[in-house]
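Nothing in this text is a laboratory measurement; each read-out follows from the coordinates by a stated rule. Owing to the predicted nature of the structure, the values given are computational and were not obtained by experimental measurement. Quick reminder, even Gly has a Cβ in these numbers, built from the backbone with ideal geometry, and neighbours come from all protein chains shown.
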Amino acid sequence: MRTQRGGERAIRPGIDIVTAGELSQGCENGDHRLAPAAGKVMDQIHIDELRVEAVIGVYDWERELKQQLLLTIALGFDNRAAASAGTLDASHDYARICETLREWAATWQGELLEAFAEDSCALLRERFGASDIDLRVDKPLAAQKLGCARVGVRVRRSFG
C-alpha cells in the first residue's frame, strides 16, 4: 500500500483512493467491499509446479520407479498478522511447506493421484492449518506416455 504525502490517502490496486476515515466509515455503514466477510478468508499463498517424487501408479512399470509429480497449490490463510508483523515468524514459510511435501511424497506409496491429492490436503491442513486448499497434481510421465500436455487431478477443500 502506498500513501500519498499530505493527503494520507491509501492507494490499493483495483480500489478507489480512500482515506482511513472513509474506510472505517464505509464499514460502519455496511459497505464491506474493502474488508473480508466475517469468518471468510480471502488470502492465499501459492506454490506453482513444485516438483516432488513418489511411487505412484496402477501399472507394474510405475510401481518400480519414483515418478516426478508437479504440485500447484493455493493455501488459504488469514495473512493480516504476517503483513502487519512483517516477519517470517508471523508468516508461512514457503521453503518449509515445500520441504515437508517433498519429504512426505518420497515416502508415499499408492496407486491413484486422487488418493495422493487427498492425503496431501490432509497433510497441509494438519501441519500448516490452511483453511482452504486448492491442489492440482500433474503426472508428467503419464502425459508423455499418452501423448498429451498434462494429466492429473485437482481438488479443492475448505475447512471453514
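Observations
- Charge context of Glu53, other residues only, Cβ under 9 angstrom, K/R +1, D/E -1: +3
- Extension gain for the segment Glu64 to Glu103, taken as residue separation times 0.36 nm less the Cα-Cα distance, is 12.1 nm to one decimal.
- Computed over neighbours whose Cβ is under 15 Å from that of Cys148, the net charge equals +2, Lys and Arg +1, Asp and Glu -1.
- Between Gln144 and Leu88, the C-beta separation translates, for a Förster distance of 41 Å, into a calculated FRET efficiency of about 0.60.
- Working note: Karplus 6.51/-1.76/1.60 with θ = phi - 60° gives segment 59-75 the couplings 8, 4, 4, 6, 6, 9, 8, 8, 9, 7, 10, 10, 10, 10, 10, 10, 10 Hz, where Gly and Pro are set to x.
- Phi-based couplings in Hz for segment 107-122 (Karplus 6.51, -1.76, 1.60; Gly and Pro marked x): 9, 6, 9, x, 9, 10, 4, 4, 5, 4, 5, 4, 5, 5, 4, 4
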